[in-house]
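What follows is a short report on a single structure.
The values are calculated or read from the model by the stated rules, or taken from the named source; none is laboratory data. Computed from a predicted model, the values in this text were never measured in an experiment. All Cβ positions, glycine included, derive from the backbone under ideal geometry; neighbour counts span all protein chains shown. The area values use the complete protein model at the heavy-atom level, side chains included, leaving out ligands, DNA and RNA. Shrake-Rupley method; radii C 1.70, N 1.55, O 1.52, S 1.80 Å.
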Amino acid sequence: MNPTQHASRRVARVVRGQPTSDGAGVKLTRVIGQRDLDMLDPFLMLDEFRSDQAGDYLAGFPEHPHRGFETVTYMLAGRMRHHDNQGNSGLLTPGSVQWMTAGRGIVHSEMPEQEDGLMWGFQLWVNLPAQDKMVAPRYQDIAPERIPEVSPAAGVKVRVIAGQFAGIDGAVRGIATEPSYLDLALDAGTRIDVPLPDMHSAFAYVYEGDASLGPEDATRRIARGELAVLDRIGGAVRMAATDASARLILVAGKPLDEPVAKYGPFVMNTQQQIVEAIDDFRAGRF
Ligand code: MN
């Protein structure tokens, strides 16, 4: 055994999300894509939306474009209806995930399909490499029962949305940045080492309870609403729930190390490509 392969990655920094609103006025918490964490290559944005006040979410996200990256919606509670300009439509239910590769462009809406109750989930934006920014749009709509769930130890449950865990392949396949996306539930008093590809960017976001992350000699306690950016080096991360249970998402991906030109829902490599994206959208070429 090579000890460096088994040592846990360290927590490089801890970031708390900023309350904001987007779409037609949906209240949410922006965790990546804000002042304290502009991006974490290849991840451009992470939002958590969570409210049982209909006024916080009813307005939804009416028709808007995307080009040059992928949007990943993971629902914990509530229902969201998706429609696009190419005739695709779908209902996102609790526990489901939609991995949408916008590629050269789609125009879509994401609207709540409920008038009360809890709406809770995440939207992650994943960048595409330069060579894939203009690919044809593609969806992976994954129903809850198609996401493998593994229990590697008593009191530990892992939903494998993307990547690999305990020899199980995640439900989402064929993504350029080779992402891992795990949803973990740890009972109080449990601990787990989660393998991660060496040199992939990785973060953990705690959405319930609190968790301890990192090697024995440098453990950091991460509270609900905090995101831990992990060091890139190392083949695993150790996580534990001490006196309370914890739920968190653990996400990793291959950094692109390419220039990023961003303008709202368009993420390209150069300013010229942004101008083209705006022109194409205005001319109805999406
Ligand atoms: Mn969208």
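Looking at Glu149, Glu216 in this structure, which one is acidic (Asp, Glu), modelled with pLDDT of 95 or more and more than 30 Å from Gly68 (Cα to Cα)? Before you say what the answer is, go through the steps one by one.
Numbers: Glu216 fails: modelled with pLDDT of 95 or more.
Unique residue meeting the criteria: Glu149.
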Item to check | Criterion (among the hydroxyl-bearing types (Ser, Thr, Tyr), away from the ligand (no atom under 13 Å from the Cβ), more than 13 Å from Phe122 (Cα to Cα) and not in a strand (DSSP E or B)) met by exactly one of Ser21, Ser8 | outcome: Ser8
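When the range 142-156 is examined, which residues are found to be more than 27 Å from Gly189 (Cβ to Cβ) and buried (at least 18 other Cβ atoms within 10 Å of the Cβ)?
Going through the range 142-156, the residues more than 27 Å from Gly189 (Cβ to Cβ) turn out to be 142-146.
Correct list: Ile142 only.
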Checklist outcome for this item: Among the residues of the range 214-230, the number that are within 19 Å of the chain's Cα centre (by Cα) and in contact (Cβ under 8 Å) with a residue 40 or more places away in the chain is 7
Checklist outcome for this item: Across the range 113-137, the tally of residues that are under 19 Å from the mean Cα position of the chain (by Cα) and within 16 Å of the ligand (Cβ to nearest atom) stands at 10
Checklist entry - If we keep just the residues of the range 9-32 that are surrounded by fewer than 20 Cβ atoms within 10 Å (Cβ to Cβ) and in contact with a Phe, Trp or Tyr (Cβ under 8 Å, 6 or more places away or on another chain), which is farthest from Met80 (Cα to Cα)? => result Thr29
Checklist entry - For Leu92, which of the numbered conditions (1) under 25 Å from His200 (Cβ atoms); (2) of a type outside the set (Phe, Trp, Tyr); (3) within 16 Å of the chain's Cα centre (by Cα) fails to hold? => result (1)
Checklist entry - Exactly one of (1) in contact with a Phe, Trp or Tyr (Cβ under 7 Å, 6 or more places away or on another chain); (2) under 15 Å from Thr29 (Cα atoms); (3) more than 15 Å from the ligand (Cβ to nearest atom) is unmet by Asp52. Its number? => result (1)
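Could you identify the single residue in Phe281, Phe266 that is within 16 Å of the ligand (Cβ to nearest atom), open to solvent by 60 Å² or more (accessible area, probe 1.4 Å) and touching a residue at least 40 places away in the same chain (Cβ under 8 Å)? Spell out how you get there, then give the answer.
Numbers: Phe266 fails: open to solvent by 60 Å² or more (accessible area, probe 1.4 Å).
Step by step, each of Phe281, Phe266 is checked, and only Phe281 is within 16 Å of the ligand (Cβ to nearest atom), open to solvent by 60 Å² or more (accessible area, probe 1.4 Å) and touching a residue at least 40 places away in the same chain (Cβ under 8 Å).
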Next on the checklist: I'd like to know if the range 188-200 contains one or more residues that are modelled with pLDDT of 95 or more and closer than 30 Å to Asn85 by Cβ.
Outcome noted: no
